[in-house]
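Q: Sharing a structure with you now.
Computed from the coordinates by the stated procedures, all read-outs in this text should not be read as laboratory data. Remember, predicted model here, so these are calculated numbers, not experimental data. Cβ: placed from backbone, ideal geometry, glycine included. Neighbour counts: every protein chain shown.
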Amino acid sequence: MHYEQELFAQRTPYLQWLKKQNTEFDETCGKQIHRLPFCSCMDSIGRTLKNVQNINVMNDEICMFVNCQGVVRQEAGYLITKAFSEYPDAVLVYADEDYFGTLKDLYGLDDACVPKEIKEEFEDHDRGFFRGDPWFKPEYSPDTLDSFFYIGNLFAIKGSVLLDGIRMYGMEISLCDFVRKLSHRLVKDRKYNGFVHIPRVLYTNNALETKYVLAGWVHNPQTTVEKSETDYGLVSIIIPSKDNVAVLRRCLETLTAYTKYANYELVIVDNGSSEDNKMCITHLIKELEAQKKACAIQYHYTKMDFNFSKMCNIGASSANGQYLLFLNDDIEIMENNGNWLDEMLKYAAKEHVGAVGAKLYYPQEQQTAHILHKIQHVGITNMAIGPAHKLGGLVDQGNLYHGHNLADYDMLAVTAACMLMKKSVFEETGGFDEELAIAYNDVELCFRLYEAGLFQVQANRAVLIHHESLSRGQDTSPEKQKRLAGEKRRLYEKHPALEGNDPFYSPNLVQWKKDVKYSVGYLYDFERKVEPIRPETASMFKKFDFANGIRTKSRLLGKLYDRLVGNNLPMFQIDSVEESGTLIVIKGWFVLQRQENADLHRRLWLIRITRDQDYRSVYEFPISPQLRSDVEGLFVGDEKTKNTALAGIQLIFDKNELMKGTYQIGVVTDRSGLVCDEANVIEI
């Protein structure tokens, strides 16, 4: 039963997260809560209040709007009242949500295969369903709200504010439009604490099929007009580039061919191309000027080390536009997305907006009849591990986590591979930090904008191709990794309040690893750092001495013996050894063939390679079960090799807690002795 419980737990992380939540609350409420049911955010205020005989009595109450398709959690009333009490300027309070469904619908599990005793612990007995698919929402996001009604199915408004709004807008205004008008008033007055988010699941939706519906979505597909309908003013497009003539040509040719917004100038900043390439770039500029493809083209050539921040600042200082668009030279404009710049400008023109980013795709490896693009960027999430691209690597298909690939969203940061803002805002903020020469300069600028009270917007209808890091390569070498770590330190030294904090990414979501799918932040034992222990006696190590029966894949006699007796055939594989700062992560799996693996107690050994086989150079770590469905699939049909789903190995430890040296990786079990692979060697 323990194996089945652990297996169920690893396949239902949200249920385990719910189990750990503190459900204690005080039922004493201050103001009375008036519950108002609605069916859709497009319902009129009048329809919602049709059963209220005297609306004036709500003046001193809290009006809690509840979608009739779901269930309100017991503690909702108390927490909403508490929020209004703690935030005197609050006019609206909203919370997180989840869904009811079967184990199959929510977690892909066959209900019949889960023991009744396990199901009973997590099942909602009134409805016979389970909870899943949580929607953890961002803090107040005015531009997201204008894009779709992310406030959701449970929210509360001060009664006095509701009555004032009815007098101003009438009873026929929809809930969605009413809330948006409230938001617009707050934005105009810079009262961003008027909308309060409770980062807690207080509503469960019965209609799982609505998960992919963006309520109140303002969908504005690309039009086929030949030119832009609005002139926002001159945009200076600043492109840092060096010795990248073919890539720069593709960028400029697609930009001038497909961009419908015509009021722009080009500012190319070159930090030292070769004389031949400099001549080619000059010739390219003359071609574009002859074709009158841009209002003007500037070319700034200065030999210096690559410093993205400095190059952008140089371009900005000579720019003539009211807006600055920072654009990588490895960006390619898509033929069917000519309104991309208009989509960005409509946000950059707003008083409360700082930087605006575009949706970026990886280039297609091959063209097919039905092109499915992979996402490179739809905003930047500031996680506990640092900044990370949102949805990076996922195929842009369908509705990804409540429209993060479809709707325009407020973000803490966007990438300067394509970043637009007013020139006045850029100058007032101080431009790019030139001490951040390569990485995190865009994030740091966005942090300053956020701290100045400005919102960054991810404009997902502006779509471009990004040949990522084509100009300077990937940051994979030890030297580059060291520089990257140093620039991350500077980022958080300048903005300590934002380290591990992103108001647009819920603290209930995963923080300790890069997460593009918006996974709940439930920590399994195998995801926790493990302390090394030493075998207690020399005799313990001698039991598995290299000279006395250590099992290695290179020992032919050991393999022959195992095959002859058919006993405890171990399968051991290390998939990767990753290093992050001082932490080392070892990933792999271990299975005993022709055995029951459910109760297999495994320990990982790191054996320091020394001449004298010193047992004090051995470190032992307990291995916690980890779900590996791929490993389970290897043994489908093998009736003798049982319960292999939890065969995964993920071990996290601090390398500073071990002696320096070369170590061989092995696994010890009570039924196999020590199993090693001579190829699995790591340096500490």
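Q: If you take every DSSP beta bridge fully contained in the range 1-134, what fraction is antiparallel? Give it as a percent rounded to 5.
A: Around 40 percent antiparallel, to the nearest 5.
Q: Let me ask something else. Once you place label points 7 Å from the Cα toward the Cβ at residue 212 and residue 40, how far apart are they in nm?
A: Output for this residue pair reads 1.9 nm.
Q: Is any residue of the range 493-529 close enough, with backbone N under 14 Å, to a label point placed 7 angstrom from the Cα of residue 451 along the Cα-Cβ axis, and if so, which?
A: Taking a point 7 Å out along Cα→Cβ of residue 451, the residues of the range 493-529 whose backbone N falls under 14 Å are 493-501.
Q: Please identify the chymotrypsin sites (Phe, Trp or Tyr not before Pro) of the range 231-324 that satisfy two criteria: DSSP loop assignment and at most 14 other Cβ atoms within 10 Å. Which are they?
A: 306
Q: Using only Cα atoms, what Kirkwood radius does the chain have, in angstroms?
A: When all Cα pairs of the chain are included, the Kirkwood radius is 28.8 Å.
Q: Same structure again: Quick one: Cα convex hull volume of the range 620-675, Å³ per residue?
A: Values: hull volume 6.2 nm³, N = 56.
Normalising the Cα hull of the range 620-675 by residue number yields 111 Å³.
Q: Which Rg and Dmax, in Å, describe the Cα atoms of the range 235-498?
A: Rg then Dmax for the range 235-498, in Å: 17.5, 51.
Q: May I ask you to sort 377, 300, 2 by Cβ crowding, counting other Cβ atoms within 10 Å and putting the fewest first?
A: 2, 300, 377
Q: Kindly provide the helix-only [θ] at 222 nm of the chain, computed as the sum of -39,500 (n - 2.57) over DSSP H runs of four or more divided by all residues, to the nearest 500 deg cm²/dmol?
A: Working: 19 runs with 182 residues, N = 684.
Helix-only estimate at 222 nm: -7500 deg cm²/dmol.
Q: What list of ³J(HN,Hα) values in whole Hz, one per residue of the range 118-126 in order, does the Karplus curve 6.51 cos²θ - 1.76 cosθ + 1.60 (θ = phi - 60°) give from phi, with Gly and Pro shown as x?
A: Values per residue, Gly and Pro as x: 6, 4, 4, 5, 10, 6, 7, 5, 6 Hz.
Q: Related question: So how strong a dipole does the range 205-345 carry about its Cα centre when Lys and Arg Cβ are +1 and Asp and Glu Cβ are -1, to the nearest 20 debye?
A: With Lys and Arg at +1 and Asp and Glu at -1, about 180 debye.
Q: What are the ³J(HN,Hα) values, in whole Hz, obtained from phi via the Karplus relation 6.51 cos²θ - 1.76 cosθ + 1.60 with θ = phi - 60°, for each residue of the range 284-292 in sequence order, with x given for Gly and Pro?
A: 4, 5, 5, 4, 5, 5, 5, 7, 6
Q: Oh, and also: Modelling each spin label as a point 7 Å along the Cα-to-Cβ direction, I'd like the residue 489/residue 290 distance in nm, to one decimal.
A: Roughly 5.3 nm, to one decimal.
Q: Now a separate question. Taking 0.36 nm per intervening residue step and subtracting the Cα-Cα distance, what contour gain separates residue 257 from residue 167 on full extension?
A: Fully extending the segment from residue 257 to residue 167 adds 27.3 nm.
Q: So, one more: How long are the semi-axes of the equivalent ellipsoid of the range 23-212, taking √(5λ) for every eigenvalue λ of the Cα gyration tensor, in whole Å from largest down?
A: 32, 17, 16
Q: List the pair-distance distribution P(r) of the range 375-528, using every Cα-Cα distance, as the percent of pairs falling in each 10 Å bin from 0 up to the bin containing the longest distance, rounded to whole percents.
A: Histogramming the range 375-528 at 10 Å steps yields 10, 38, 39, 13, 1, 0 percent.
Q: Quick one: 638, 164, fewest Cβ neighbours within 10 Å first, how do they rank?
A: By the 10 Å Cβ count, ascending, the order reads 638, 164.
Q: Can you list the HN-Hα couplings for the range 417-434, worked out from phi with the Karplus curve (6.51, -1.76, 1.60; θ = phi - 60°), rounded to whole Hz and with x for Gly and Pro?
A: In residue order, the calculated couplings are 4, 7, 9, 10, 7, 5, 5, 4, 5, 4, 6, 5, 7, x, x, 6, 6, 6 Hz.
Q: For residue 435 and residue 322, what is the calculated FRET efficiency with R₀ set at 30 Å and r taken between the beta-carbons, to the nearest 0.05?
A: 0.60
Q: Would you compute the Debye intensity of the range 243-387 from its alpha-carbon atoms alone, equal scatterers and no solvent, and pass along log10 I(q)/I(0) at q = 0.09, 0.11, 0.20, 0.21 Å⁻¹ to two decimals?
A: Debye output, listed in q order: -0.33, -0.50, -1.49, -1.55.
Q: Report the residues of the range 641-669 in range of a label on residue 609: point 7 Å along Cα→C-beta, backbone N strictly under 17 Å from it.
A: Output list for this probe position: 659-667.
Q: Taking a quarter of the surface of the convex hull around the Cα atoms of the range 35-128, what do you get in nm²?
A: Computing the convex hull of the Cα atoms and averaging its projections yields 8.6 nm².
Q: Whole number please: convex hull volume per residue, Cα atoms of the range 328-367, in Å³. It would help to have the intermediate numbers written out before the result.
A: Numbers: hull volume 3.2 nm³, N = 40.
Output value, Cα hull per residue: 81 Å³.
Q: While we're here: In the range 235-498, what % of DSSP beta bridges are antiparallel (nearest 5)? Intermediate values should be presented prior to the final figure.
A: On the way: 21 of 44 bridges.
So the antiparallel bridges amount to about 50 percent of the total.
Q: Fully extended, how many nm does the chain gain between residue 428 and residue 2 (0.36 nm per residue separation, minus their Cα-Cα distance)?
A: Computed gain between residue 428 and residue 2 is 147.3 nm.
Q: Another question, if that's okay. Whole angstrom only: what separates the Cα centroid of the range 322-363 from the Cα centroid of the range 381-458?
A: 12
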